[in-house]
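Here the structure is laid out as structure tokens; the discussion comes afterwards.
The values are calculated or read from the model by the stated rules, or taken from the named source; none is laboratory data. Note that the structure is a prediction, hence the values are computed from the model and not measured. Counting neighbours? That spans all protein chains shown, and the Cβs are built from the backbone with ideal geometry, glycine included. When the accessible area is computed, the model is the full protein with side chains, heavy atoms only, and any ligands, DNA or RNA have been set aside. Shrake-Rupley method; radii C 1.70, N 1.55, O 1.52, S 1.80 Å.
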Amino acid sequence: RRQRALLCAVLLAAWEAAWGQLRYSVPEEMPKGSFVGDVAKDLGLNLPALKDRDAHVFDTGRTRYFFLDLQNGHLSMMEQVDREEICTTVAKCVLNFEILVQRPMNIYKGEVEILDINDNPPIFQERLSVLEISENTALGAHFPLERAYDPDIGVNSLQNYECSESSYFTLEVKTGDDGVKYPELLLVKSLDREQQAAHNLILIATDNGSPMKSGSTTIQIIVLDGNDNAPEFTQSVYKATVREDVAVGSRVLQVSATDRDEGPNAKVKYSFFKIPEKFDKTFKMDPESGEIVIMESLNFEEHELYEMVVQARDAGGLSSHSKVLIKVIDVNNYVPGIVIMSVFSPVPEDTPLGTVIAIFSVQDRDSGENGEVQCSISDSHTFRLEKSFDNYYCVVTAELLDREQASEYNVTRNHHLVLTAVDGGDPVRSGTARIMINVTDANDNPPVFTKEIYTVRLMENLPEGSLAFQVKATDNDEGTNAEITYSFSDIRKSIRQLFTLDPSTGDVKVTGALDYEERKYYETSVEGKDGGGLTAHAKVHIDIIDVNDNSPTV
């Protein structure tokens, strides 16, 4: 029943085909194989076209959450998705995908927003929290309590706190600059340890989902005797800014508190106050000096602001609290990466201008100017770059290709062309990639004879079957386009009776008796035709040389 309700909630209206962009949204935790969107309909392609053009979800090496069913053109879930697992630090959870089609080549980018459902209740890290308060504490004192954690977002996330009734304490809920709600106890009645040494309260955290979910923890307040003065921090908020490449073990800042008491009650020790476990591994506080040092490498792309509460506690059990804000500055520590998505090769040399030869994307995990990437190509005469959308580019032909001039275009560091992706950081980082594009032959060159006129002198007594001469033509094309067939252009009987022309070699042989007294010369023409049908012609002049083959006659 729950799955049917989720299926009914699938939003299919938010798609947009401009620049090949598709947009869908589905609730999290949809079963494997669930319908996401009708890609065939939204792209205006029929099902046979999807199959013929080999449409598929392009594998970028990341986790694949979707697949394209070519039987119905639907984009479906590859696996069940938990929004809180894959989008722990962002409010809007968007998964990107690319659909690549061939013949002609094109790429369509899409995004699927994973909508939150109220599948997580607010949770307190500890089931029982112990709070020690001196009986001398002044009315109006505030005591921060442990915050609950709810990985859901929006109305499904933590919305409010409630506390069981007490004549000594009331609950105040404050909202920080980051929008997070912080529960605090306010002392409204003087404590008397001799009258009541302990107080037990139930703190309840609720969300506003449907149905509403809640979590609770027990707060045990131990009333301490004596110590009149609590430590006081020198600042209500401590702020520090660090680069994300700061070395592990570096000092970030130091907090300080003073206590007006004397003796053991004036000795202050510092600690973090119920900070998230992941922060506890990142930072360490010296309990004696109040210094905060870094324990593991920072990453701006994962966390750019740390907000923590620190506690100063004296030997008598009194404590005060202050806030620490640590801002991480991004450094240009990632090299732009070029991902070649598809290459159209081999390329006929008669390919029209503007034909897409390759599609690639660039990625830079840095932020701001450090992540802004510009792409260039060294030989902008033959090819040019066109940006399709986001960080996707096409390599297209900028001029007609000529195989005979250059049969290979190498997109590489050491050859004619280089694809370069440069970011806007300081120092600048850049990346390159190589593509091998083979240019295939088109029959754009006719044969050319080695001579325009072949002049030959033959003795009239040359035996039949002898090689008289040879014609020769060349062709700059290759393969069948360069295979030349020879023939006589002259159809006169006298030529064909006396000479034969080998169509493959161009050898001309004598096949009849030559007679100077009958004819002193012959003129004809020959033709060379390549495998693509282009022809060339040359003239042939044959002089017959007299020999003493006749006796005098009286």
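Below, the figures for the structure above:
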item: Every residue from the stretch 464-518 that is open to solvent by 80 Å² or more (accessible area, probe 1.4 Å), assigned to a loop (DSSP other than H, G, I, E, B), in contact (Cβ under 8 Å) with a residue 12 or more places away in the chain and not small (Gly, Ala, Ser); result: Glu464, Lys472, Asn476, Glu478, Glu483, Arg492, Glu517
item: Selection within the stretch 346-369 - closer than 25 Å to Asp390 by Cα, in a loop (DSSP other than H, G, I, E, B) and among the polar types (S, T, N, Q); result: Thr355, Ser367
item: Extreme residue, most open to solvent (accessible area, probe 1.4 Å), among residues of the stretch 25-44 that are out of contact with any Ser or Thr (no Cβ under 6 Å at 6 or more places or on another chain), in a loop (DSSP other than H, G, I, E, B) and without any contact (Cβ under 8 Å) to a residue 60 or more places away in the chain; result: Lys32
item: Failed criterion for Lys323 (all others in (1) over 30 Å from Val101 (Cβ atoms); (2) open to solvent by 40 Å² or more (accessible area, probe 1.4 Å); (3) part of a loop (DSSP other than H, G, I, E, B); (4) not hydroxyl-bearing (Ser, Thr, Tyr) hold); result: (3)
item: Candidate set from the stretch 519-550 (those that are among the charged types (D, E, K, R) and in a loop (DSSP other than H, G, I, E, B)); member that is farthest from Leu501 (Cα to Cα); result: Asp549
item: So Arg384, is it at pLDDT below 85 and open to solvent by 30 Å² or more (accessible area, probe 1.4 Å); result: no
item: Positions within the stretch 51-74 being open to solvent by less than 80 Å² (accessible area, probe 1.4 Å) and modelled with pLDDT under 85, in sequence order; result: Phe58, Thr60, Gly61
item: Some residue of the stretch 252-260 being outside the structural domain of Arg313 (by the TED database) and over 17 Å from Val309 (Cβ atoms); result: no
item: Qualifying positions in the stretch 102-120 - crowded, with 20+ Cβ neighbours inside 10 Å, out of contact with any Pro (no Cβ under 7 Å at 6 or more places or on another chain) and assigned to a loop (DSSP other than H, G, I, E, B); result: Asp116
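Let's see how each residue does on (1) over 28 Å from Val173 (Cβ atoms); (2) within 39 Å of the chain's Cα centre (by Cα); (3) in contact (Cβ under 8 Å) with a residue 24 or more places away in the chain:
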site: Leu203; (1), (2), (3): no, no, yes
site: Ser216; (1), (2), (3): no, no, yes
site: Leu224; (1), (2), (3): no, no, yes
site: Gly249; (1), (2), (3): yes, yes, yes
site: Val252; (1), (2), (3): yes, yes, yes
site: Lys267; (1), (2), (3): yes, no, yes
site: Ser271; (1), (2), (3): no, no, yes
site: Lys281; (1), (2), (3): yes, yes, no
site: Pro287; (1), (2), (3): yes, no, no
